[in-house]
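The values are calculated or read from the model by the stated rules, or taken from the named source; none is laboratory data. Note that the coordinates shown come from a computational prediction; the quantities given were computed from them, not determined experimentally. Reconstructed Cβ throughout: ideal geometry from the backbone, glycine too, with neighbour counts over all protein chains shown. Surface areas here come from the heavy atoms of the whole protein model, side chains and all, with no ligands, DNA or RNA. Shrake-Rupley method; radii C 1.70, N 1.55, O 1.52, S 1.80 Å.
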Amino acid sequence: VGGIAGTGNVVGTAETYDPATGAFTPTGSLADARMRPTTVALMEGRVLVAGGRGGNQGDTIFASAEIYDPASNRWSALTNVPIARINALAALLPTGKVLLGGGYGSNGVVADSIVADPATGTWATSGGLVQARHAATATRLANGKVLVAGGGGATGTLATSELY
């Protein structure tokens, strides 16, 4: 999904991969060409893509979000994320909703967390992270909680973790 071409331009293309054949197949293009977005596979096979950088040489941080539907090979827009960001953490929750948190925005490292409802295309605020962080991992545990670990903070690399 997205990325940077060898020319330095941000691209809005996406591809699916078939492990049985080892082949990539182009999908429809994203509404916003973006690099470093957050992507999450949803329960029914669709893919949520949020945030990232775009514009001229990636100088704009996006708040936009889109969902790819492999059945129709089409992208559809969601309501914008409340805070534009890159390198956010994300995890699919047992309810089918998606936790999205942290990241890096135009004002620095982000501490908020929000929950997307892919069925309605809306976002709801959540408790927020204990520590603002970007490029962290988010792993759903067997009990449904999400372990958030590492990443970068306002002053450097974080060696901490927290549970959602």
Length released on extending from K145 to A71, taking residue separation times 0.36 nm less the Cα-Cα span
23.6 nm
Roughly how many whole Å is it from the C-alpha centroid of the stretch 80-118 to that of the stretch 1-67?
16 Å
Residues other than A111 with Cβ under 12 Å of its Cβ, Lys/Arg counted +1 and Asp/Glu -1, net out at 0
Two-site label geometry, N107 and S161: point separation in nm, points 7 Å out along Cα→Cβ:
3.0 nm
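Percent of accessible area on the chain owned by carbon and sulfur, 1.4 Å probe?
C and S atoms contribute 53 percent here.
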When the label point is put 7 Å from the Cα of N80 along its Cα-to-beta-carbon vector, which residues of the stretch 117-142 have a backbone N closer than 15 Å?
123
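Using the Cα centre as the reference, give the magnitude of the dipole from point charges on the C-beta atoms of the stretch 11-54 (Lys, Arg: +1; Asp, Glu: -1; all else neutral), rounded to the nearest 20 debye. The partial results should precede the final answer.
Values: 4 positive and 4 negative charges, 48 e Å.
Here the size comes out at about 240 debye.
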With +1 on each Lys and Arg Cβ and -1 on each Asp and Glu Cβ, how big is the dipole of the stretch 1-94 about its Cα centre, in debye rounded to the nearest 20?
220 debye
The answer for the stretch 1-139, accessible area per residue at 1.4 Å probe in Å², is 48 Å²
Can you give me the distance in nm between label points at F24 and T39, each placed 7 Å from the Cα along the Cα-to-Cβ direction?
0.9 nm
On average over all directions, what projected area in square nanometres does the chain have, based on the convex hull of its Cα atoms?
10.3 nm²
Could you check how many percent of all C-alpha pairs in the stretch 73-164 are farther apart than 15 Å?
57 percent
Pop a pseudo-label 7 angstrom from the Cα along the beta-carbon direction at both T137 and A31 and give the gap in nm to one decimal.
3.3 nm
Taking the Cα centre of the stretch 71-164 as origin, sum charge times position over the Cβ atoms of Lys and Arg (+1) and Asp and Glu (-1), and report the length of that vector in debye to the nearest 20.
160 debye
Total charge of the residues flanking G151 in space, meaning their Cβ is under 12 Å from its Cβ, with Lys and Arg +1 and Asp and Glu -1, is 0
Neighbourhood charge, 15 Å Cβ-Cβ cut-off, centred on S126 and excluding it, Lys, Arg +1 and Asp, Glu -1:
+2
How high is the relative contact order of the stretch 1-72, in percent, counting Cα pairs under 8 Å that sit 6 or more residues apart?
25 percent
Please compute the contact order of the chain in relative form: average sequence separation of alpha-carbon pairs under 8 Å and at least six residues apart, divided by the residue count, as a percent.
13 percent
